[in-house]
Amino acid sequence: MSSHGDPIPMIARKSAGLKGEAHVPGDKSISHRSLILGAMAVGETRVTGLLEGQDVLDTAKAMRAFGAEVEKRGDTWHVHGVGVGGFAEPGNVIDCGNSGTGVRLIMGAMATTPITATFTGDASLNSRPMARVTDPLALFGARAYGRKGGRLPMTIVGAEAAIPVRYTTPVPSAQVKSAVLLAGLNAPGETVVIEREATRDHSERMLTGFGATVTTEQTPEGRVITLVGQPELKPQTIIVPRDPSSAAFPVCAALITEGSEVLVPNIGLNPTRAGLFFTLQDMGADLTFENMREEGGEPVADLRAKFSPNLKGIEVPAERAASMIDEYPVLSVVAAFASGKTHMPGVKELRVKESDRIDAMATGLRLNGVEVDEGEDWWTVHGRGFGEVKGGATVQSHLDHRIAMSFMVMGLATEAPVRVDDGGPIATSFPIFETLMTGLGADLGREA
Ligand code: S3P
C-alpha cells in the first residue's frame, strides 16, 4: 500500500539512451530544516526551491499545528515563526506520514517547551525506532510515552525547565544530532553533541545561518558540536539547493543505460552528502563534475553522466557510509551491472530506514537474477556485467520511495522488465520522478 491511497504498480522496460537535462527537486534534508528553523525564528523566513514532496508537506502542516504560519505565495514559501520556546500546543495528533526526518527533528524542536504533542505516521514510520531520539531528549527533561520498543504513536511531554545536555550519539545519525541541537535551542547554556562519524551537517550550517552560535571541533573523540542555547533566531531567505540523493537516480540510470548522456545541473556536493558520486567514479563511471562553484557556502556542480559499460565492482569504504547512506539502494543496482563484487560494509543503519533496505534490495535483486550476500551490517552484490542482468520480476517497495525508484532504474537496463508493487511512496521525496525520467527517454511508468 502507498502511504496515502491505493498501491500504484509501476513497470520499467529496457530503454534506449537517456538524453537531456534532469532538473531534480530541492533537497529534502534542507527543506525540512528550512520549515522547522523558520518556525522557530522571530519573523518571516522565505524559502524558494522547497521540495514539495509529501514528507516536507507533512512537516509544513506540523509547523502550522505548533502555531507557525506557513503558506506558499507564487513560488515562495513564507514561514512566519513564533520564536524559540514559542511553540503552541497542537490541538490534534501530528501525522508525519512516512518521514523519519520530519518526526525526529520536530520531536527535538518541541521537547524543551512545556507543551504536549502526540506523533504518528504510516506503517513504515510507526515501525521505526524512536528511542535513539527520546533517550537524549529525556536528558533535557522531556518525557516520552510510546509503544513497545519506542515506536510511534508516541506522546512527548516537553520539559518544564530544560537543562542543557552533553550527548554522544550511539549511532551515526544526523537526525539524532539534529534533534538534540534543536532541543538545545530552548535550554539555557551550552548543549554539546559528539558524533564519532561525521553525518550530514545541514543543521549546524543552517543554525549558524539563522544566527545561533554553533561551533564544531574535530577531536580524537569525534566531532564535537556546541550550541549556545536560547538565541533569538533571525528569519532567513533560503534558496534550497537540488537534492544529491534525488540526482542519484537519473545519474545511475544514465550509467547503466546504453547510449545515455544526462546532465544534472546544480547539485550540492557537500562532502557529508556526496559519497555516492565518488564511489561511482571509483567504479569507473563516466561521471564528471562541471562548472564547480560555491553557492550559499556549499560546493555545487553540474553532474554529467554517460553510459559506462565497463564498471568494476569495488570495496566501498565503510567510513564513507554516512555520506551516502540513502544511496546504497541505487548503488546496489549499478553494482549489478558492474563486473566483479561490490562489498558494502558498515551499513547497519540501512536496516532501520523507511524499510530494511538491505533486505528489500537483496530480495529484489535476487528475484531479478543477481546474487547477493548479506550480514547484519554489510552486503555484497555479485555484479553480472552489462547486458547480463535478467530482470523480469515484481519487487515489493515496502513503503520505501528509494526502493521503488531503484528498481525502476534497474528495469531500464535489464533484459526483461522490472515491476514494483507500489510506486506511491516515490511522492514522499521525488514527486516528479516519473515525468523527469520519461522526459529523458526512460520507458517507465504506471501499469494499468
Ligand atoms: C536525514 C538523515 C539521514 C537520512 C535521511 C535524512 C536528515 O538519516 O537517511 O534520509 O535529513 O537528517 P539518519 O540521520 O537517521 O541516518
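Condition check ((1) surrounded by fewer than 24 Cβ atoms within 10 Å (Cβ to Cβ); (2) over 16 Å from Asp243 (Cα atoms); (3) more than 16 Å from the ligand (Cβ to nearest atom)) across all residues:
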| position | (1), (2), (3) |
| --- | --- |
| Leu269 | yes, no, yes |
| Pro299 | yes, no, yes |
| Ala321 | yes, yes, no |
| Gly364 | no, yes, yes |
Cross-chain or 6+ apart pairs with Cβ under 8 Å, segment 201-226 first and without any contact (Cβ under 8 Å) to a residue 12 or more places away in the chain, then of a type in the set (Lys, Arg) and part of a strand (DSSP E or B) = Glu217/Arg223
Per the filter on segment 1-48, residues in a loop (DSSP other than H, G, I, E, B), closer than 16 Å to Met206 by Cα and either within 16 Å of the ligand (Cβ to nearest atom) or out of contact with any strand residue (DSSP E or B) (no Cβ under 6 Å at 6 or more places or on another chain) (or both) are Asp27
With the condition kept exactly as written, say whether any residue in segment 256-270 is assigned by TED's automatic domain parsing to the domain that holds Asp400, hydroxyl-bearing (Ser, Thr, Tyr) and outside any strand (DSSP E or B).
-> yes
Could you count how many residues in segment 75-112 are among the polar types (S, T, N, Q), surrounded by fewer than 24 Cβ atoms within 10 Å (Cβ to Cβ) and not in a helix (DSSP H, G or I)?
-> 2
With (1) more than 16 Å from the ligand (Cβ to nearest atom); (2) more than 30 Å from Glu258 (Cβ to Cβ); (3) among the acidic types (Asp, Glu); (4) in contact with a Leu (Cβ under 8 Å, 6 or more places away or on another chain) as the list, and Glu89 as the residue in question, which single condition is left unmet?
-> (4)
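Looking only at segment 149-165, decide whether some residue is within 16 Å of the ligand (Cβ to nearest atom), aliphatic (A, V, I, L, M), out of contact with any strand residue (DSSP E or B) (no Cβ under 7 Å at 6 or more places or on another chain) and within 28 Å of Gly222 (Cβ to Cβ).
Pass one, segment 149-165, residues within 16 Å of the ligand (Cβ to nearest atom): 150-152.
Now restrict to residues that are aliphatic (A, V, I, L, M): 152.
Going one step further and asking which of them are out of contact with any strand residue (DSSP E or B) (no Cβ under 7 Å at 6 or more places or on another chain), we end up with none.
No, because not a single residue in segment 149-165 is within 16 Å of the ligand (Cβ to nearest atom), aliphatic (A, V, I, L, M), out of contact with any strand residue (DSSP E or B) (no Cβ under 7 Å at 6 or more places or on another chain) and within 28 Å of Gly222 (Cβ to Cβ).
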Matching strands (runs of 3 or more DSSP E) fully within segment 353-438 where at least 3 residues are assigned by TED's automatic domain parsing to the domain that holds Val333 and charged (D, E, K, R) = 371-375
Taking segment 171-190 as the region of interest, how many residues are more than 18 Å from Arg143 (Cα to Cα) and more than 12 Å from the ligand (Cβ to nearest atom)?
-> 3
The number of residues in segment 399-448 that are without any contact (Cβ under 8 Å) to a residue 12 or more places away in the chain and either under 19 Å from the mean Cα position of the chain (by Cα) or crowded, with 24+ Cβ neighbours inside 10 Å (or both) is 0
Please find, among Asn270, Asn266, the residue that is polar (S, T, N, Q) and on the phi > 0 side of the Ramachandran plot.
-> Asn266
Reported set for segment 177-205 where residues are within 13 Å of Leu233 (Cβ to Cβ) and in contact with a strand residue (DSSP E or B) (Cβ under 8 Å, 6 or more places away or on another chain) is Leu181, Gly184, Leu185
Quick one: which of Thr199, Thr168, Thr215 is surrounded by fewer than 17 Cβ atoms within 10 Å (Cβ to Cβ), within 16 Å of the ligand (Cβ to nearest atom) and among the hydroxyl-bearing types (Ser, Thr, Tyr)?
-> Thr168
What are the residues in segment 281-303 that are in contact with a Ser or Thr (Cβ under 8 Å, 6 or more places away or on another chain) and charged (D, E, K, R), if any?
-> Asp286
Identify the single condition in (1) crowded, with 24+ Cβ neighbours inside 10 Å; (2) of a type in the set (A, V, I, L, M, F, W, C); (3) closer than 28 Å to Ala16 by Cβ that Met344 does not satisfy, given that it satisfies every other one.
-> (3)
The number of residues in segment 16-46 that are more than 19 Å from the chain's Cα centre (by Cα) and not assigned by TED's automatic domain parsing to the domain that holds Phe430 is 9
If you check Gly340 against the conditions, is it outside any strand (DSSP E or B), modelled with pLDDT of 95 or more, at positive phi and away from the ligand (no atom under 16 Å from the Cβ)?
-> no
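Looking only at segment 58-69, which residues are surrounded by 21 or more Cβ atoms within 10 Å (Cβ to Cβ) and more than 19 Å from Leu207 (Cα to Cα)?
Correct list: Asp58, Ala62, Phe66.
Restricting to segment 279-297, count the residues that are of a type outside the set (Val, Ile, Thr) and crowded, with 18+ Cβ neighbours inside 10 Å.
Of the residues in segment 279-297, 5 are of a type outside the set (Val, Ile, Thr) and crowded, with 18+ Cβ neighbours inside 10 Å.
The values are calculated or read from the model by the stated rules, or taken from the named source; none is laboratory data. Here the structure is a predicted model, which is why all the values come from computation and not from measurement. Glycine gets a Cβ as well: all are built from the backbone with ideal geometry, and neighbour counts include every protein chain shown.
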